[in-house]
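Heads up, the thing below is written out as structure tokens.
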Amino acid sequence: MINKIEHIGIAVKDIKTSNELFEKIFGKPHYKIEEVENEGVKTSFFKVGINKIELLEATNEDSPIAKFIKTKGEGIHHIAFEVDDIEAEISRLKKEEFIVLNEKPKIGADNKLIVFLHPKSTNGVLIELCQERTNKE
Ligand code: ZN
């Protein structure tokens with residue numbers, strides 16, 4: 001089951017500059033910075049009420065974020081939805097013929113298991129599903 005929007009991911013060129021920018025917008029600082037080495041990204045997170053915003057900066061040229069910025073520029077990169085059982089969602093959505101970018105959930109930022117659905121199969125929106133890692137590894 002998909003519960004709610006967990007966060008919205010925004011691709012940025014320079015996370016330091018963008019942290020300052022979003023601090024001004026939200027009136028408060030980010031609450032964490034985390035590098036996800038296997039994804040080639042550095043992330044920072046802001047809490048806005050019950051919502052979260054994730055900024056993503058590429059840490060190398062092969063990073064999906066580097067490629068995204070090259071073709072589309074900075075901006076909204078993905079919408080992440082919280083799920084209870086990510087494996088069940090992967091097999092459900094595969095049966096519905098969505099293109100799942102990774103067969104097995106990966107370890108993402110913020111202590112989550114994550115999977116992405118290819119935007120080709122989702123009206124151009126990169127969708128991330130994420131599950132908290134506390135109840136299931
Ligand atoms: Zn995300």
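Within the accessible surface of region 27-137, defined with a 1.4 Å probe on protein heavy atoms only, the carbon and sulfur portion equals 52 percent. Based on the alpha-carbon gyration tensor of the chain and its eigenvalue square roots a ≥ b ≥ c, which shape applies: rounded if a/c is under 1.5, prolate if not and a/b is larger than b/c, or oblate? Note, shape of the chain comes out prolate.
Rounded to whole numbers, the Karplus 3J(HN,Hα) couplings from phi for region 68-85 are 4, 5, 4, 8, 10, x, 5, x, 4, 9, 7, 10, 10, 10, 7, 10, 7, 9 Hz, using 6.51 cos²θ - 1.76 cosθ + 1.60 with θ = phi - 60°, and x at Gly and Pro. Rolling a 1.4 Å probe over the protein heavy atoms leaves Ser91 with an accessible area of roughly 60 Å². Here the sum of -39500 (n - 2.57) over DSSP H runs of 4 or more residues, divided by the residues of the chain, equals -6500 deg cm²/dmol at 222 nm, to the nearest 500.
Only protein heavy atoms count here; under a 1.4 Å probe, Lys106 has an accessible surface of about 60 Å². Region 7-22 and region 80-109 have Cα centres separated by 26 Å.
Averaged per residue, what accessible surface does the chain expose to a 1.4 Å probe, in Å²?
Numbers: 7940 Å² over 137 residues.
I get 58 Å² per residue for this part.
With a/c under 1.5 counting as rounded, go ahead and sort region 1-53 into rounded, prolate or oblate using the C-alpha gyration tensor (a ≥ b ≥ c being the square roots of the eigenvalues; past the cut-off, prolate if a/b is larger than b/c, else oblate). Note, shape of region 1-53 comes out oblate. Ligands, DNA and RNA aside, Asp14 has an accessible area near 60 Å² when probed at 1.4 Å.
The values are calculated or read from the model by the stated rules, or taken from the named source; none is laboratory data. Note that the coordinates shown come from a computational prediction; the quantities given were computed from them, not determined experimentally. When the accessible area is computed, the model is the full protein with side chains, heavy atoms only, and any ligands, DNA or RNA have been set aside. Shrake-Rupley method; radii C 1.70, N 1.55, O 1.52, S 1.80 Å.
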